[in-house]
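Colleague: Shown below is the structure under consideration.
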Amino acid sequence: MFQTAKSQIVQAIAPIAGGSQRTGAYISLKNVVKCTIVCNLAMATTDTCAITIEQSTAVAGTGHTAITQTVPIWSNLDCSTSNISTARTAAVSYTTDAVAKNKIVIFEVIPDHLDAGYDVINVIMGASNASNTYTANYICDMRYSGADVIAD
């Protein structure tokens with residue numbers, strides 16, 4: 001895990017084939033100011049990928065359910081031609097287009113986006129073609145240096 005004084009990068013989903021749904025690591029937002037979720041997709045086929053954010057009450061995934069409040073989303077649907085991400089309509093999920101390109105999808109989550117009683121999130125990347133590859137990371141801006149996000 002990379003860590004500076006007040007930021008941490010945590011691997012949510014290790015690089016893996018997209019043949020089935022992939023559930024990312026659960027992280028606590030108790031000491032997080034903002035969590036940026038960066039999803040990378042190498043889409044070798046013309047399939048889509050639905051990406052959702054879930055909330056739960058513990059890093060064990062207790063009571064997990066989809067978030068209900070919309071969050072800011074950006075995407076770059078063709079990383080080979082541009083490094084610019086485009087703001088999308090805020091939502092609780094995002095589905096990529098059906099074009100075989102390398103893509104980045106970014107969600108920005110703050111603790112206030114979670115329902116009362118929830119303080120843990122995880123990312124889910126939906127099933128797609130097994131020829132496609134996914135990975136995701138959490139970039140957490142922390143309230144305190146050295147705070148842990150993978151423990152309750």
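Colleague: Residue by residue through the stretch 51-86, note down the ones that are under 16 Å from the mean Cα position of the chain (by Cα), loosely packed, with under 13 Cβ neighbours inside 10 Å and of a type in the set (Gly, Ala, Ser).
Modeller: 66 - this is the single residue of the stretch 51-86 that is under 16 Å from the mean Cα position of the chain (by Cα), loosely packed, with under 13 Cβ neighbours inside 10 Å and of a type in the set (Gly, Ala, Ser).
Colleague: Quick check on the stretch 7-16: of everything there that is surrounded by fewer than 17 Cβ atoms within 10 Å (Cβ to Cβ) and of a type in the set (S, T, N, Q), which residue is farthest from residue 135 (Cα to Cα)?
Modeller: 7
Colleague: List every residue pair whose Cβ atoms sit under 6 Å apart, with the two residues 6 or more apart in sequence or on different chains, where the first one lies in the stretch 104-120 and is in contact (Cβ under 8 Å) with a residue 24 or more places away in the chain and the second, anywhere, is among the aromatic types (Phe, Trp, Tyr) and part of a loop (DSSP other than H, G, I, E, B).
Modeller: Correct list of pairs: 120/26.
Colleague: Further question: Yes or no: residue 19 exposed (fewer than 14 other Cβ atoms within 10 Å of the Cβ), out of contact with any helix residue (DSSP H, G or I) (no Cβ under 9 Å at 6 or more places or on another chain) and either part of a loop (DSSP other than H, G, I, E, B) or among the aliphatic types (A, V, I, L, M) (or both)?
Modeller: yes
Colleague: Do you know which of the residues in the stretch 87-118 that are surrounded by fewer than 18 Cβ atoms within 10 Å (Cβ to Cβ) and touching a Pro at 6+ places or on another chain (Cβ under 8 Å) is farthest from residue 28 (Cα to Cα)?
Modeller: Taking the candidates together, the pick is 87.
Colleague: Return the total of residues in the stretch 98-108 being closer than 24 Å to residue 129 by Cα and touching a strand residue (DSSP E or B) at 6+ places or on another chain (Cβ under 8 Å).
Modeller: Result for the stretch 98-108: 6.
Colleague: Consider residue 48 carefully, then state whether it is outside any loop (DSSP other than H, G, I, E, B), hydroxyl-bearing (Ser, Thr, Tyr) and in contact (Cβ under 8 Å) with a residue 60 or more places away in the chain.
Modeller: Spelling it out, it is not the case that residue 48 is outside any loop (DSSP other than H, G, I, E, B), hydroxyl-bearing (Ser, Thr, Tyr) and in contact (Cβ under 8 Å) with a residue 60 or more places away in the chain.
Colleague: Out of the residues in the stretch 41-50 meeting the condition of being surrounded by 17 or more Cβ atoms within 10 Å (Cβ to Cβ) and under 15 Å from the mean Cα position of the chain (by Cα), tell me which one is nearest to residue 9 (Cα to Cα).
Modeller: Among those that are surrounded by 17 or more Cβ atoms within 10 Å (Cβ to Cβ) and under 15 Å from the mean Cα position of the chain (by Cα), it is 41.
Colleague: List the strands (runs of 3 or more DSSP E) inside the stretch 71-151, counting only whole elements, that have at least 2 residues being in contact with a Lys or Arg (Cβ under 6 Å, 6 or more places away or on another chain), at pLDDT 95 or above and within 20 Å of residue 61 (Cα to Cα).
Modeller: The strands (runs of 3 or more DSSP E) meeting that bar number zero.
The values are calculated or read from the model by the stated rules, or taken from the named source; none is laboratory data. All of these numbers come straight from a predicted model, not from anything done at the bench. Cβ: placed from backbone, ideal geometry, glycine included. Neighbour counts: every protein chain shown.
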